[in-house]
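Heads up: the structure comes next, in structure tokens.
What follows is calculated from the coordinates using simple rules that are stated; it is not laboratory data. From a predicted model like this one, the values you see are computed outputs, not experimental measurements. So basically every Cβ, Gly included, is an ideal-geometry build from the backbone, and we count neighbours across all protein chains shown.
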Amino acid sequence: MTEILVILLLAGGLWFIADSLKAREAAHVAARKACEEAGVQFLDDTVSQMKMKLARDNEGRAVVERWFRFEFSPSGDDRQQGTVRLKSCRVQEINLNRLWLVQ
């Protein structure tokens, strides 16, 4: 019985890590695309997770909602922060300072 519990915990942990990596990649692609469309520089070519919580999707299922932060620069000499919000691995919104891009 203990072995089954350990295996289930390991499987759940591996799933969570894989899902987190998939979400981070989706946020990275969305941030890069939003910066290109807005005509600003995507700085450091990276996103970092800032918040995570449980939420409901459009069908009412419980999913993980994650917020990622990234930096961009309109002119190249200043840094501004943007955010990407995902539910599961689907982009819900992108915020470039005061410019909101909703998909």
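Here are a few things to note about the model shown:
- A simple charge model with +1 on the Cβ of Lys and Arg, -1 on the Cβ of Asp and Glu and nothing else charged puts the dipole of region 21-103 at about 520 debye relative to its Cα centre.
- Against the main long axis of the alpha-carbon atoms of the chain, helix 2-38 sits at an angle near 10°.
- Listed by Cβ neighbour count within 10 Å, with the fewest neighbours leading, Val40, Val64, Val6, Val84 appear as Val6, Val64, Val40, Val84.
- In nm, spacing of pseudo-spin labels at Glu37 and Glu25 (7 Å Cα→C-beta vector): 2.1 nm
- Per-bin percent of Cα-Cα distances, the chain [10 Å]: 15, 41, 25, 13, 5, 1, 0
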